[in-house]
Amino acid sequence: LRDNRIELVRASWHELSISVSDVSLSDEGQYTCSLFTMPVKTSKAFLTVLGVPEKPQITGFTSPVMEGERMQLTCKTSGSKPAADIRWFKNDKEVKDVKYLKEEDEVRKTFTVSSTLDFLADRSDDGAVVSCRVDHESLNSTPQIAMQVLEIHYTPLVKIISSNSWPEEGQSIVLTCESKGKPVPEPVLWTKDGGELPDPERMVVNGRVLSISFLNKTDNGTYRCEAKNPIGRNSTEYVLIVHDVLNTLLPTTVIPSLTTATVTTNVALTASTTTSATATSIRDPNGLTQTGPDHALIGGIVAVVVFVTLCSIILLGRYLARHKGTYLTNEAKGAEDAPDADTAIINAEGSQVNAEEKKEYFI
């Protein structure tokens with residue numbers, strides 16, 4: 001062996017040791033040790049030199065990438081012997097669907113290994129860390145890693161959040177337009193029913209927030225929030241319906257059941273009233289709960305009964321008075337056809353005028 005990198009470490013009748021510094025691939029081969037005896041004795045050993053892979057590099061990335069575009073990232077390393085293994089990761093999660101290519105160098109007998117990651121850019125990949133890891137037995141369980149941070153540009157994603165799920169007249173509401181995009185979207189644009197906001201004094205826009213105070217029925221309509229950036233624009237809508245306060249606060253009153261009821265007896269009126277009150281309570285569960293009798297209703301019923309009783313007494317009195325007069329007038333039979341009282345007296349049965357003169361005889 002004639003090489004300055006080879007040194008004799010120990011030489012004796014029993015042992016001969018050498019050292020090789022700065023090992024290269026050319027040092028690979030069969031080494032022979034000979035003992036010059038009669039006959040000569042020899043021993044052979046084959047030395048294998050591992051080719052350490054170079055640090056990998058990722059190519060094919062151009063920043064920024066638009067959403068929906070196809071990306072092809074290639075990781076490449078050279079000088080490995082035997083061929084190195086390449087694995088892809090996205091945010092520490094291994095990606096399996098990749099292409100693997102291995103090429104051998106005829107001169108040095110090493111390998112150049114490359115792997116390609118092919119996928120469509122998505123907004124969820126923005127900011128993701130893509131890493132290429134090279135594993136090889138010469139690295140002593142310490143892999144070589146190359147990393148690339150993805151930058152994906154996409155149109156804004158718009159969403160409206162309401163502060164009041166059941167707006168009523170007189171109340172206020174705050175609509176917040178959340179827009180997320182890259183690049184960051186410009187200030188949003190608020191419109192109502194396709195036009196500008198009709199009442200700037202009550203409808204105040206502060207950045208992405210629309211505040212409407214003292215709601216009324218004229219505020220009903222479709223509110224649109226639109227956001228845009230250099231990539232594109234997007235919008236979403238919110239339908240505002242202002243509810244009537246009376247429909248939610250006051251109980252329902254059933255009047256026809258009271259005004260059209262026929263008064264017959266106290267029992268019938270009480271039953272009719274109880275039914276109406278129960279129906280009112282069932283139709284409006286939000287109404288006020290009645291814990292006692294309705295005094296106004298009872299008073300009205302009593303008044304009606306008293307009035308009917310008085311009318312009955314008056315009619316009965318008049319009937320009796322008329323019947324008595326007729327009896328006295330018709331006391332004498334045949335007086336009903338007389339034109340006046342004098343004639344009636346004359347025509348009456350038993351009248352002294354028409355009666356035969358009675359004579360008395362004394363015996």
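The values are calculated or read from the model by the stated rules, or taken from the named source; none is laboratory data. Quick caveat: nothing in here was measured; it's all calculated off a predicted structure. Because the Cβ atoms are built from the backbone with ideal geometry, glycine has one as well, and the counts that use them run over all protein chains shown. Remember, those area values only see protein heavy atoms, side chains included, never the ligands or the DNA or RNA. Shrake-Rupley method; radii C 1.70, N 1.55, O 1.52, S 1.80 Å.
A few points about this structure:
- Local net charge near VAL113, Cβ-Cβ under 15 Å (Lys/Arg +1, Asp/Glu -1): +2
- Rounded to whole numbers, the Karplus 3J(HN,Hα) couplings from phi for the stretch 7-23 are 10, 7, 8, 8, 9, 8, 5, 10, 8, 9, 10, 10, 10, 10, 9, 6, 5 Hz, using 6.51 cos²θ - 1.76 cosθ + 1.60 with θ = phi - 60°, and x at Gly and Pro.
- Using a Förster distance of 45 Å, the FRET efficiency for GLU15-GLU54 (Cβ separation, nearest 0.05): 0.75
- Packing-based ranking of 133-143, 74-84, 26-36 yields 74-84, 133-143, 26-36, ordered from highest to lowest mean Cβ neighbour count within 10 Å.
- The label point for VAL184 and the one for LEU8, both projected 7 Å from the Cα toward the Cβ, are 7.6 nm apart.
- Highest-first arrangement of 193-205, 229-241, where packing means the average Cβ count within 10 Å: 229-241, 193-205
- Computed over neighbours whose Cβ is under 12 Å from that of THR155, the net charge equals +3, Lys and Arg +1, Asp and Glu -1.
- Projected over all directions and averaged, the alpha-carbon convex hull of the stretch 120-209 occupies 10.3 nm².
- Heavy-atom surface analysis with a 1.4 Å probe gives the stretch 33-119 a carbon and sulfur content of 52 percent of its accessible area.
- Chain lengthening between THR42 and LEU297 when straightened (0.36 nm per residue, less Cα-Cα): 78.8 nm
- Pairs from LYS93/LYS182; LYS180/LYS228; LYS76/LYS182; LYS81/LYS102; LYS55/LYS90; LYS159/LYS228 whose Cα-Cα separation, in the structure shown, is over 21 Å: LYS93/LYS182; LYS76/LYS182
- Prolate/oblate/rounded call for the stretch 4-45, Cα gyration tensor, a/c under 1.5 rounded: oblate
- Difference of contour (0.36 nm per residue) and Cα-Cα distance, VAL305 to LEU25: 88.4 nm
- The string of couplings for the stretch 73-90 from the Karplus curve (6.51, -1.76, 1.60, θ = phi - 60°) is 9, 10, 10, 9, 9, 10, x, 7, 8, x, 4, 6, 10, 10, 10, 9, 9, 10 Hz, one whole number per residue in order, with x for Gly and Pro.
- Principal axes of the stretch 31-155: Cα extent on each, largest first, Å: 88, 27, 20
- Of the peptides 208-217, 44-53, the ranking by mean beta-carbon count within 10 Å, highest at the top, reads 208-217, 44-53.
- Computed over neighbours whose Cβ is under 15 Å from that of GLU69, the net charge equals -3, Lys and Arg +1, Asp and Glu -1.
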